[in-house]
Amino acid sequence: MFREGYLKTLVLLSLVPFFSLLPSCSSGEQVENPSDVKVLVLGMDGLDPILLERLMDEDRLPNFSRLAALGDYSPFGTSMPPQSPVAWANFISGSRPGTHQIYDFIHRKPNPEGSAWPVQPFLSTSQAFGPADPDKAWTFGRWRIPLDSGGIENLRRGDAFWNHMVKNGITTTIYRMPANYPPPEESPGSGEFKVLSGMGTPDLLGTYGEFTVFKEDLRRESKSVGGGQFIRLDVEKDRVIAKLEGPENYLLDVPPGEKPPKMTVELEIVRDPVEDAITVTVGDEKLLLKEGEWTDWISIEFKTGLPGSTVVGAMGLPTSLHAIVRLYVKEVHPKLNIYVTPLNIDPVHPANPISYPPEWAAEVAATTGMGGMYTAGIPEDTKALRSKPQALNEDEFLQMVHLLVEERTRQYHDALEHFKSGFLFFYFGHTDQLAHIFWRDMDPLHPGRRPEQEGKYDDVIRNTYEEMDARLGEAFEVMDDNDILIAMSDHGFCSFRRGFNVNNWLVENGYMTVKDMGRQGRREQLFNIKFKDTQVYALGLNCLYVNLKGREKYGVVSQEQRRRLMEEIASKLEQVRDDDGSKVIEKIYFTFDDYPNADPEIAPDMLIGYTRSHRASWATALGGIGKGLFEDNKDRWSGDHCIAANLVPGIIVSNMKLTVDDPELSDLGPALLHLFGIETPKTMVGRNIFGEKVPLEGG
Amino acid sequence: MNVLNAILSKLTSVVLAPFAELPAQVALIVISIVAGILAAIAFRYSSNQAGLKRVADQVRASLLAMRLFKDDLRSVFGAQLSLFKASGLRLWYSLPPLVVLIIPFVFLLAQMAMWYEFRPLAPGQAALVEVTLTPEAWDGPPLELNAPDAITIESTVRNSHDHTITWRICPQEAATANNPLQLSFTLGEREVAEKQLAVSSTGGTDELVFVCPLRPGTSFWDRLLYPGEPGFAANSPIRAISINYGSRVNTLFGLEIPWWLTFFIVSILAALAIKPIVKVQF
C-alpha cells in the first residue's frame, strides 16, 4: 500500500498542539555583478579535430561551421600526458603539470610507510584522509562514534582561474569541471559562485563506480569482476529479497584488523509467473518494471542501525548514508537478471559535498524531473559493458548513455535559461566515453572488430558529434551579439589497436626483474616486481618511474646514475618497433626538464608519448606484465588518447579571433580572465589567445 | 462509517464547488478562516471561561510579582510555583474543548487531505494500481482490471505471497466532469469493485482535484483517514485498492508549505482575530 507517509502525517497532526506552530523566514544577500557580458564555455571531452573537420566538411555540423566562420577554429594543444584529469587541470590552473601536479589518473607513493606495498598506487585527483586522532571516539557496546572526522582533499594544486573571476565579482557557474572534486567549502570571493563536481567524484563506495547485477543463474553466491559484482538471486515462488551492498558500517566497533560488515538495503522483487514483469519494493517505494526497462532514480538509505539514530542524527552525526540508483531489468523469464547502477551520491542528502553551495546539487537534480541525477564523476558505466560476463551489452549501454544525455540536456537547458551574466562552463563527458568504446566501429583496421556487429555501431560517435552540434546551436539561441561563445575539448582521439607491455620490455632489456613472468592478469601486480633488482618501472598509462635511492622504498638508482639511465632507456624505447615494423613510441618526455617545478615525490621521471594506434597495455597501467611485448586490443575500449600530446590535440571554436597559431589548454584560463578585464595571475603561464570579438549576430 | 463519509464527502464537494475555478489555496484559506472562527466559538461555549479568566489573571499577577520582588527569593519562588500551578490549570480547563474540537477536526482534516495531500496524475504519467484480495478470492477466477479507452494498462504482476495484483496504468487524457475516469474490477463475469482515477491536465499543482489513494477495507482507521470512497464490506473478495499518487506540493506566496500547516496557521490567526468579538478566553 502507498499510504504510510500520509498516515504518519495525519497521526502527527492529531497530536501536535497546533497553537505553537509559526513559520520563520530568512533572507539572503545578493551581490551585484559588475559585468554584463556573458561568456559560455562548452567543454566537450575528447572531441577530435580530424573527425570534427571531416564532419564539418560534410555539412553535418552546421553550428560548429557557423561559429568557426564567425570567429575562429583551431586544434587545441593538449597536456602531456593527454589524459583528461591532466588536461582539464591545465585548463583550470592556466598552467602545466609542474604547477597542478597531476600527471596521470594513477599516482604512487614512492615510500609508503607502514604499508606492505613497495610503492602504493592511488587516484591522482582527490584523496580521503582519516581523522587527525582516530582514537578520539565514544565507544559503547558494539558501537564506536568518532569525535573527529576525516575528509577528502582535492589534490590539484595551483589556482583555479574562476577564483579570480569570483574575487572580481563575476557571477560564475561551473557544471562538472573534471579534476575538481571535492568542491570548495567556501566562495573565493564576492561574485555569485556555483560549482558542481564532475569527473573524479566517487560513488558512495569511494570508487569510480561499482555496478551490481542480481542474477538468478549464478553458481556462486557472489562474484566480483572489475568494476562491479554479480550477486545470485535465490528466487522462491517468484519472490526474492535481494540485498544491495553499500559501504562498511562506519559506526561499528570491530577488533583491529577486522573489517566492519557492509550496510545493505533490501529490495523485494516479485516476478509475475507469466508476464515478463516484476515489482521491486525499496523502502516505501514500489515500482513495476517490464523486461528491458530502466527505472528513474530510486533513493536508498544505508542505515548503520545505531540505537537512537534520530536523536544522534539531529545532533549532526550522520547515522545513515544516502544513495540513488537506477535499475535495469535485463531478463525476467526464465532467469531473473537485474542491473543496478553504481551507488551515486544522493544530491539531496550528499554523504560528501558534491557542490558549492552544498544545496545546489539538489537544485540541479530537480531540473531533470527524474528523481535524481548521475553524480558519479564518470557515469557512463563502461565497466558494465566490458566486464566478463557482460553486465550490459552494447545496446543496453547505449540506452543508459541515452538516459544520461537526456538528463544532462535538461540541466543544460536549465543552465542556459538562467544564464544572465558572467561566466558559465558546462561539461559533456559522454563524447569521450562513447569514443573510447565505439572507435573500433569506425576503424576498419581495428583488431577488436566483430563480424556480427559490422555496421551496427558505425555512426555512434558521429551522431554524438551531431548531438553536440545541436547543443551548440541551442547556445546560439540564448546568446546576444555582445556575448562570447566557446566550444572546446581537452584532447582528441585515435584508434587503440595495439597495447604495449612496457614492463615486459623493461624486463627483456634488463631494467626490471619480476618474481614470476607467468603472473599475468592478477591483482596487485606491483608485488610481483623485485624492486631491489629493478631500475625502472611503469605504472599508469604514460608514466615511467626510476627506482631512485632515497625516494623509492627499495630504490637502487643513485641521482648520478639517473640521467644517464633515462637517456639510455628513452633512446631505446624510441627505437621500439611493433611486429609489422611500425613505430610504437613517438617521443619520451623527461618530466623534470619539461616541468621544472614538478614535485619529485609525485611526478614520474619520464612520460611515454605513444604513436597513434598504440598505447600502454592494461597490465602496464597497474604496474603489471602481460603476455609478450605487444597484444592486440580486443577490448571494447577501442579508442584512446593517452599518446604523444602533439598527435592528439583537442579543438577550440569561438566567436573570438585567435591571436596565436598554437593555442593550448593552459592558455584558456588566462584568456577568459582577460575577457573580464582581469590580469593573468602569477601562478599561470598561459597566454591571452583571444583577439577581436565577432558579434554572434543574435543567434 | 461509509454513510457518514459519503455525507461528509458530498458536503465537502458542495462547499468547495464555488472555488473550482480559483487557485486551490483560496479555498484552503477560506476554510481555515471559517474553521478558526468556529473553533473559537466552540471553545467559548465548551470551556470553563470563568476558570480560564482566573488563570489568566493569576498568570499576570505571578509575572508582576516576579518583577516587583525580584530581590526577594522567597517571593520569586512563590510566584514561580503559582505560575506553574496556573499553567497546569489552564491545560486542565482546555481539555474539554480540545476533546470537543478534535472529532470534527479529524473528519475535516481527513476530507481536506483528499483534496490537498495527493497529486493527481498527468496524462502520460504512469501509476500503480494495487488490489489486495482475500485468500479465497485469490484461489478463485482471476481478477481483471477494466479501464476506459483513455487508460492504457501497461503490465501486471501477480504476487501470490500477499495476494496482491499490481497493474501499471498510464492515462492518456485528463478526467473531466463529463468523462470521469473509473476503473472497474471483475472476478469472472462479476463486477466486484470500482475505483476512481484522478487525472488532471496540469498534474494538479494549483487546482482543486479530488484524489483518493485508497479504497479501504473494513479497518476503522483506514475508513476514517481515507473517506473518499466507500470501504469494502467484510464479505467482499477485495480487501483494498490503492493507487500510488505522489504527494502534492502546495505553495503559498511562492513558499512550499504543507497544506496542513497553512490550515493551522490561518485558523489560529482567525481564532485570535475573532477573540475580542466572541469574547473568548484561551
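I'd like the full set of residues that are part of a helix (DSSP H, G or I), at pLDDT 95 or above and hydrophobic (A, V, I, L, M, F, W, C), limited to segment A:477-519.
Listed by number, the residues that qualify are A:Val502, A:Trp505, A:Leu506, A:Val507.
If you go through segment A:263-285 one residue at a time, how many are of a type outside the set (A, V, I, L, M, F, W, C), in a loop (DSSP other than H, G, I, E, B) and at pLDDT 95 or above? Even if it seems obvious, please write down each step before you answer.
Of segment A:263-285, the ones of a type outside the set (A, V, I, L, M, F, W, C) are A:264, A:266, A:268, A:271-273, A:275-276, A:279, A:281, A:283-285.
Still in the list and also in a loop (DSSP other than H, G, I, E, B): A:272-273, A:275-276, A:283-284.
Next, from what is left, pick out any that are at pLDDT 95 or above: A:272-273, A:275-276.
Qualifying residue count, segment A:263-285: 4.
Would you confirm whether any residue within segment A:339-349 is closer than 30 Å to A:Asp148 by Cβ, touching a Pro at 6+ places or on another chain (Cβ under 9 Å), aliphatic (A, V, I, L, M) and modelled with pLDDT of 95 or more?
yes
Taking the condition in contact (Cβ under 8 Å) with a residue 40 or more places away in the chain, polar (S, T, N, Q) and farther than 24 Å from A:Gly191 by Cα, does A:Ser654 pass?
Details: in contact (Cβ under 8 Å) with a residue 40 or more places away in the chain: yes; polar (S, T, N, Q): yes; farther than 24 Å from A:Gly191 by Cα: yes.
Answer is yes for this residue.
If we scan segment A:611-620, do we find a residue that is over 30 Å from A:Gly43 (Cα atoms), touching a residue at least 60 places away in the same chain (Cβ under 8 Å) and surrounded by 22 or more Cβ atoms within 10 Å (Cβ to Cβ)?
Here is the first cut: in segment A:611-620, the residues over 30 Å from A:Gly43 (Cα atoms) are A:619.
In the following step, the residues that additionally are touching a residue at least 60 places away in the same chain (Cβ under 8 Å) were identified as A:619.
Filter once more, keeping what is surrounded by 22 or more Cβ atoms within 10 Å (Cβ to Cβ): A:619.
Within segment A:611-620, one or more residues are over 30 Å from A:Gly43 (Cα atoms), touching a residue at least 60 places away in the same chain (Cβ under 8 Å) and surrounded by 22 or more Cβ atoms within 10 Å (Cβ to Cβ).
Per-residue answers, yes or no, for (1) in contact with a Pro (Cβ under 6 Å, 6 or more places away or on another chain); (2) hydroxyl-bearing (Ser, Thr, Tyr); (3) at pLDDT 95 or above:
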| position | (1), (2), (3) |
| --- | --- |
| A:Pro389 | no, no, no |
| A:Asp395 | no, no, yes |
| A:Val401 | no, no, yes |
| A:Val405 | no, no, yes |
| A:Tyr427 | no, yes, yes |
| A:His430 | no, no, yes |
| A:Gln433 | no, no, yes |
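Tell me the residue from A:Glu477, A:Glu406, A:Glu466 that is more than 30 Å from A:Ser613 (Cα to Cα), touching a residue at least 60 places away in the same chain (Cβ under 8 Å) and surrounded by fewer than 18 Cβ atoms within 10 Å (Cβ to Cβ), please.
Working: A:Glu406 fails: touching a residue at least 60 places away in the same chain (Cβ under 8 Å); A:Glu466 fails: more than 30 Å from A:Ser613 (Cα to Cα).
Result of the check over A:Glu477, A:Glu406, A:Glu466: A:Glu477.
Within segment B:166-179, does at least one residue satisfy the condition of being over 26 Å from A:Val280 (Cα atoms) and crowded, with 19+ Cβ neighbours inside 10 Å?
So far as segment B:166-179 goes, yes, one or more of its residues are over 26 Å from A:Val280 (Cα atoms) and crowded, with 19+ Cβ neighbours inside 10 Å.
Can you tell me which of (1) closer than 25 Å to B:Ala20 by Cα; (2) modelled with pLDDT under 95; (3) charged (D, E, K, R) is the one B:Asp139 doesn't meet?
Among (1) closer than 25 Å to B:Ala20 by Cα; (2) modelled with pLDDT under 95; (3) charged (D, E, K, R), the lone unmet condition for B:Asp139 is (1).
Kindly list the number of the only condition in (1) of a type in the set (Val, Ile, Thr); (2) assigned to a helix (DSSP H, G or I); (3) within 13 Å of chain A (Cβ to nearest Cβ) that fails for B:Thr132.
Single failed check for B:Thr132: (2).
For residues that are touching a Leu at 6+ places or on another chain (Cβ under 8 Å) and part of a helix (DSSP H, G or I), scanning just segment A:89-106, find the one that is nearest to A:Asn597 (Cα to Cα).
To start, the set of residues in segment A:89-106 that are touching a Leu at 6+ places or on another chain (Cβ under 8 Å) comprises A:90-91, A:94, A:101-106.
Narrowing the set further to residues that are part of a helix (DSSP H, G or I) leaves A:90-91.
Details: A:Asn90: 14, A:Phe91: 18 Å.
Filtering segment A:89-106 for residues that are touching a Leu at 6+ places or on another chain (Cβ under 8 Å) and part of a helix (DSSP H, G or I), the one nearest to A:Asn597 (Cα to Cα) comes out as A:Asn90.
Here's the yes/no breakdown for (1) farther than 24 Å from A:Gln101 by Cβ; (2) in a loop (DSSP other than H, G, I, E, B); (3) in contact with a strand residue (DSSP E or B) (Cβ under 6 Å, 6 or more places away or on another chain):
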position	(1), (2), (3)
A:Pro596	no, yes, no
A:Pro600	no, yes, no
A:Leu607	no, no, yes
A:Gly623	no, yes, no
A:Gly628	yes, yes, no
A:Glu631	yes, no, yes
A:Trp637	yes, yes, no
A:Cys642	no, yes, yes
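Which of the residues that make up segment B:151-186 are touching a strand residue (DSSP E or B) at 6+ places or on another chain (Cβ under 6 Å) and hydrophobic (A, V, I, L, M, F, W, C)?
Applying the first criterion (touching a strand residue (DSSP E or B) at 6+ places or on another chain (Cβ under 6 Å)) to segment B:151-186 yields B:151-159, B:161, B:163-171, B:174-175, B:181-186.
Once the filter is applied, which keeps residues that are touching a strand residue (DSSP E or B) at 6+ places or on another chain (Cβ under 6 Å) and hydrophobic (A, V, I, L, M, F, W, C), segment B:151-186 yields B:Ile151, B:Ile153, B:Val157, B:Ile165, B:Trp167, B:Ile169, B:Cys170, B:Ala174, B:Ala175, B:Leu181, B:Leu183, B:Phe185.
This table checks each residue for (1) more than 14 Å from chain B (Cβ to nearest Cβ); (2) surrounded by fewer than 21 Cβ atoms within 10 Å (Cβ to Cβ); (3) hydrophobic (A, V, I, L, M, F, W, C).
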| site | (1), (2), (3) |
| --- | --- |
| A:Asp272 | no, no, no |
| A:Asp296 | no, yes, no |
| A:Thr310 | yes, yes, no |
| A:Pro318 | yes, yes, no |
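Please return the ranges of strands (runs of 3 or more DSSP E) entirely within segment B:168-277 where 1 or more residues are away from chain A (no Cβ under 11 Å) and without any contact (Cβ under 8 Å) to a residue 60 or more places away in the chain.
B:181-187, B:190-197
Would it be correct to say that A:Ile278 is buried (at least 21 other Cβ atoms within 10 Å of the Cβ) and within 14 Å of another protein chain (Cβ to nearest Cβ)?
Working: buried (at least 21 other Cβ atoms within 10 Å of the Cβ): yes; within 14 Å of another protein chain (Cβ to nearest Cβ): yes.
For A:Ile278, the condition - buried (at least 21 other Cβ atoms within 10 Å of the Cβ) and within 14 Å of another protein chain (Cβ to nearest Cβ) - is met.
Name every residue in segment A:236-262 that is assigned to a loop (DSSP other than H, G, I, E, B) and more than 14 Å from every other protein chain (Cβ to nearest Cβ), in order of residue number.
Start the filter on segment A:236-262 by keeping residues that are assigned to a loop (DSSP other than H, G, I, E, B), which leaves A:237-238, A:249-251, A:253-261.
Correct list: A:Asn249, A:Tyr250, A:Leu251, A:Asp253, A:Val254, A:Pro255, A:Pro256, A:Gly257, A:Glu258, A:Lys259, A:Pro260, A:Pro261.
For B:Asp162, work out the one condition from (1) of a type in the set (D, E, K, R); (2) in a loop (DSSP other than H, G, I, E, B); (3) free of Cβ contacts under 8 Å to residues at least 40 places away in the same chain; (4) away from chain A (no Cβ under 12 Å) it doesn't fulfil.
(4)
Pick out the one residue from B:Ala86, B:Ala127, B:Ala122 that is surrounded by 15 or more Cβ atoms within 10 Å (Cβ to Cβ) and within 11 Å of another protein chain (Cβ to nearest Cβ). First the steps, then the outcome.
On the way: B:Ala86 fails: within 11 Å of another protein chain (Cβ to nearest Cβ); B:Ala122 fails: within 11 Å of another protein chain (Cβ to nearest Cβ).
Among B:Ala86, B:Ala127, B:Ala122, only B:Ala127 is surrounded by 15 or more Cβ atoms within 10 Å (Cβ to Cβ) and within 11 Å of another protein chain (Cβ to nearest Cβ).
Just need a number here: residues in segment A:409-425 that are at pLDDT below 95 and either closer than 14 Å to A:Ile486 by Cβ or crowded, with 16+ Cβ neighbours inside 10 Å (or both).
Here the count works out to 1.
So which of A:Asp414, A:Asp381, A:Asp395 ends up being among the charged types (D, E, K, R) and over 20 Å from A:Ile437 (Cα atoms)? Explain how you work it out, then say what you get.
On the way: A:Asp381 fails: over 20 Å from A:Ile437 (Cα atoms); A:Asp395 fails: over 20 Å from A:Ile437 (Cα atoms).
Matching residue, one of A:Asp414, A:Asp381, A:Asp395: A:Asp414.
For B:Phe77, state whether it is at pLDDT 90 or above, surrounded by 15 or more Cβ atoms within 10 Å (Cβ to Cβ) and aromatic (Phe, Trp, Tyr).
no
Taking the stated definitions as given, is B:Ser184 surrounded by 14 or more Cβ atoms within 10 Å (Cβ to Cβ) and either modelled with pLDDT of 95 or more or more than 20 Å from B:Gly228 (Cβ to Cβ) (or both)? Break it down into steps so the answer makes sense when it comes.
Values: surrounded by 14 or more Cβ atoms within 10 Å (Cβ to Cβ): yes; either modelled with pLDDT of 95 or more or more than 20 Å from B:Gly228 (Cβ to Cβ) (or both): yes.
Taking the combined requirement at face value, the residue satisfies it.
Would segment A:149-156 turn up any residue that is under 28 Å from the mean Cα position of the chain (by Cα), surrounded by fewer than 17 Cβ atoms within 10 Å (Cβ to Cβ) and without any contact (Cβ under 8 Å) to a residue 12 or more places away in the chain?
No, the conditions are met nowhere in segment A:149-156.
The values are calculated or read from the model by the stated rules, or taken from the named source; none is laboratory data. Fair warning: this is a prediction, and the values are worked out from it, not measured in the lab. Neighbour counts run over all protein chains shown; Cβ positions are idealised from the backbone, glycine included.
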